[in-house]
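The values are calculated or read from the model by the stated rules, or taken from the named source; none is laboratory data. What you see is a predicted model; the values in this text were computed from it and never measured. Reconstructed Cβ throughout: ideal geometry from the backbone, glycine too, with neighbour counts over all protein chains shown.
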Amino acid sequence: MMNLRISLTGRYTKDAAFALFGAVVGFLALGHDSPSALAFTALFPVGWIMARGRLQAFLFAFSYYAAASRGVPLGAAIFFGEGAGISAGIVMWTLSSLCLAAPWAALYYGGKKPHICAARYLFALVCVTVPPVGIIGWASPLYAAGILLPGSGWLGIAAFGLLLPFLLARLRAARKRTGAAAAAFVFVCAALFAGFAESETKLPQGWMAVDTHFGKLSRNGNLHRQSLLRAAAITEKVVSAPPGVRYILLPETITGAWFGASEELWEPVGRYLALKGQTVVVGAEIYDAVLRYDNALIFLGDDGGFSYRQRVPVPVSMWVPFGGRGTAKSHLFDNGIIRLKNGLSVLCLLCYEQFIAWPVLYSIALASPDMIAASANLWWGGGSITKIRHQAVVAWTLLFDLPVASASNN
């Protein structure tokens with residue numbers, strides 16, 4: 001009986017250790033000012049491969065995703081309001097972490113064949129990247145590729161999605177101590193890189209991004225009036241853009257609903273900019289006859305006439321399967337590329353799309369964009385979510401060596 005108790009205690013201790021390891025990795029990697037902290041996501045395959053059994057693999061992955069998305073309950077409370085908001089946020093936070101952890105548990109492999117282990121890791125990575133699970137696929141372990149192997153593109157993804165798991169699996173099959181040493185080595189390297197590296201992005205030539213600091217549009221007031229007041233507050237910045245600027249990117253939904261009043265305000269601005277050879281890219285909600293809407297970017301001015309429809313709106317708060325009036329439309333399989341008149345191809349990402357891997361990887365697999373235009377509205381996001389958005393944008397742009405124009409309302 002004593003031996004059984006010792007055995008069970010040891011088992012529970014090891015399970016708890018893997019849960020703690022996952023939480024530490026998620027916390028260290030995401031939600032910080034420095035994008036270089038994403039180097040810690042390189043520890044994800046270490047934890048998964050060193051796990052002993054599906055339970056430990058699940059606990060590690062669940063704790064990782066929960067710690068990485070720790071800002072969701074507070075963000076939901078701000079977005080929906082206190083009370084029901086924070087309850088809904090806790091439910092979304094828990095369910096999303098469960099959904100993302102499930103493929104890692106189901107595909108866990110504890111055998112001694114490194115190629116099978118690596119293949120299963122890659123398959124699990126694909127499961128949490130592509131829809132349907134991929135629509136909540138934040139905190140991707142692929143973030144590390146952009147930080148540690150900038151400019152490597154698909155080779156970097158192969159390195160972190162297949163090669164690293166294969167090498168770790170070989171070490172695990174050889175000796176446990178060697179595997180532990182490998183984990184420690186990866187941790188030290190990631191910590192050193194996160195502490196000392198500089199991760200900087202390039203602004204595309206001729207582009208300007210305008211950040212704003214507006215709060216939530218009040219549903220108790222006149223939404224159109226509030227939208228117009230906001231638009232009026234930033235048009236001065238737009239029309240006074242320096243002559244060398246050809247494109248001005250504004251935050252997501254900065255104009256609110258794209259109805260008659262918004263068009264009447266912005267279309268003259270577009271005509272004025274066209275005379276100067278400039279274009280403004282505004283965020284707006286375009287409604288249809290049944291009041292479902294596209295979260296969009298609209299190009300006005302010299303290079304006007306283009307629009308981008310958000311492919312992956314935020315689940316629940318914006319997009320609901322078979323949702324009706326007041327819900328956002330989803331365009332999962334649009335390529336996300338806007339080709340301007342001068343031949344420049346722009347990969348557009350609206351807010352939530354910057355957190356997850358699917359829109360970025362799908363677009364780049366279909367085309368070769370020249371740059372990224374990243375627009376967001378995170379007045380509700382608080383510190384953690386806003387910082388993760390910045391980290392993710394930097395990781396994707398560094399990975400594929402693309403310049404980025406990034407505008408946000410915080």
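Points worth noting:
- Which numbered condition ILE147 misses (of (1) outside any helix (DSSP H, G or I); (2) surrounded by 20 or more Cβ atoms within 10 Å (Cβ to Cβ)): (1)
- The condition (being modelled with pLDDT under 90, in a loop (DSSP other than H, G, I, E, B) and buried (at least 17 other Cβ atoms within 10 Å of the Cβ)) is satisfied by just one residue among SER317, SER330: SER317.
- Conditions (1) surrounded by fewer than 18 Cβ atoms within 10 Å (Cβ to Cβ); (2) in contact (Cβ under 8 Å) with a residue 24 or more places away in the chain; number of the one not met by GLY305: (2)
- Boolean, PHE44 is over 23 Å from GLY146 (Cβ atoms), assigned by TED's automatic domain parsing to the domain that holds ALA102 and not small (Gly, Ala, Ser): no
- Of all the numbered requirements in (1) modelled with pLDDT under 95; (2) over 22 Å from TRP207 (Cα atoms), PHE355 misses one, and that requirement is (1).
- All positions within the range 336-355 that are free of Cβ contacts under 8 Å to residues at least 12 places away in the same chain and surrounded by 17 or more Cβ atoms within 10 Å (Cβ to Cβ): none
- All of (1) at pLDDT 95 or above; (2) outside any loop (DSSP other than H, G, I, E, B); (3) of a type outside the set (Val, Ile, Thr) hold for TYR108 with one exception: (2).
- Once the range 43-102 is narrowed to residues that are surrounded by 20 or more Cβ atoms within 10 Å (Cβ to Cβ), modelled with pLDDT of 95 or more and aliphatic (A, V, I, L, M), the residue that is farthest from PHE185 (Cα to Cα) is LEU100.
- Qualifying positions in the range 347-386 - farther than 26 Å from GLY256 by Cβ, small (Gly, Ala, Ser) and not in a helix (DSSP H, G or I): ALA357, ALA367, SER368
- Matching entry among TYR308, TYR272 (being among the hydroxyl-bearing types (Ser, Thr, Tyr), modelled with pLDDT of 90 or more and more than 30 Å from the chain's Cα centre (by Cα)): TYR272
- When residues of the range 293-318 are limited to those that are of a type in the set (Asp, Glu) and in contact with a Leu (Cβ under 7 Å, 6 or more places away or on another chain), the one nearest to SER363 (Cα to Cα): ASP303
- Taking the criterion of being of a type in the set (Phe, Trp, Tyr) and closer than 25 Å to ALA77 by Cα, the residues of the range 284-321 that qualify are TYR293, TRP319.
- Of all residues in the range 48-82, those satisfying the criterion of being touching a residue at least 60 places away in the same chain (Cβ under 8 Å) and more than 16 Å from VAL128 (Cα to Cα) are ILE49, MET50, ARG70, GLY71, VAL72, LEU74, GLY75, ALA76, ILE78, PHE79, PHE80.
- Among the residues of the range 223-230, at least one is assigned to a helix (DSSP H, G or I) and modelled with pLDDT of 70 or more.
- Exactly one residue among VAL394, VAL404 is surrounded by 20 or more Cβ atoms within 10 Å (Cβ to Cβ), touching a strand residue (DSSP E or B) at 6+ places or on another chain (Cβ under 9 Å), closer than 20 Å to LEU297 by Cβ and assigned by TED's automatic domain parsing to the domain that holds PHE306, and that residue is VAL404.
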